[in-house]
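Below: the structure, in structure tokens.
Laboratory data are not the source of any read-out in this text; all were calculated from the coordinates shown. Note that this is a predicted model, so its numbers are computed, not measured. Neighbour counts are summed over all protein chains in view; Cβ atoms, including those assigned to glycine, are modelled from backbone coordinates with ideal geometry.
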Amino acid sequence: MDRSSYVLAFALLLSACTKDEGPLYIPAPRPPDEPIDTAYFSAEVLPIFIAHCWTCHPPMGDMDLSATEAYGNLVNVESSGHAPAVRIVPGDPDASVLWNKVNYTEVYGLGMPPDGTALSSEELATIRAWIEQGALNN
Ligand code: HEC
């Protein structure tokens with residue numbers, strides 16, 4: 001083969017490769033104004049509370065963080081220890097008592113959990129994103 005046939009063969013090989021596009025990727029439908037990285041309360045935030053907080057904030061406590069009650073006891077609810085501050089202010093993590101506590105800022109007393117088992121940075125990022133996105137019951 002001369003030089004130009006090599007070039008032709010290579011070009012054919014390349015075009016053959018680009019034809020194989022693999023399985024068709026169809027993204028899941030998503031409501032138009034929903035952020036790409038939506039944080040879901042029931043699927044993402046609640047499991048963190050159940051795993052790390054529920055032992056001390058159980059159904060018989062003042063702030064029940066069990067699956068059915070946690071949302072109603074947190075969002076727009078005045079803190080019992082730090083009123084008039086609110087446990088979770090939708091859209092404003094830094095004004096939320098809970099966000100300050102899980103970050104050990106000490107603005108509202110003890111950090112949470114108070115037993116040395118701090119939340120991971122992924123868990124904190126999930127909680128922050130959820131509060132910033134309006135702390136929806138989603
Ligand atoms: C080892 C027990 C324990 C664990 C685990 C624990 N807490 Fe607490 N929590 C307490 C105690 C005791 C208080 C009351 C004293 C205070 O406000 O700091 C409290 C208070 C709070 C308050 C303030 C409530 C109010 O109305 O003022 C918030 C918010 C809170 N905890 C969130 C959490 C979260 C979120 C977790 C899990 C990441 C968690 N706690 C895990 C013991 C615990």
query = Which GluC sites (Glu not before Pro) from segment 94-138 combine a DSSP loop assignment with at most 12 other Cβ atoms within 10 Å?
reply = GLU106
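In whole Å, what three semi-axes, largest first, describe the equivalent ellipsoid of segment 37-98 built from its Cα gyration tensor (square root of 5 times each eigenvalue)?
The equivalent ellipsoid of segment 37-98 has semi-axes of 18, 17, 9 Å.
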ask   = Rule-of-thumb check for segment 30-138: C-alpha Rg over 2.2 N^0.38 Å?
value = 1.01
remark   = Net charge (Lys, Arg +1; Asp, Glu -1) of residues whose beta-carbon lies under 14 Å from that of LEU124, LEU124 excluded, is -3
request  = Give me Rg over Rh for segment 82-132, both radii from the alpha carbons and Rh done the Kirkwood way, two decimal places.
outcome  = 0.95
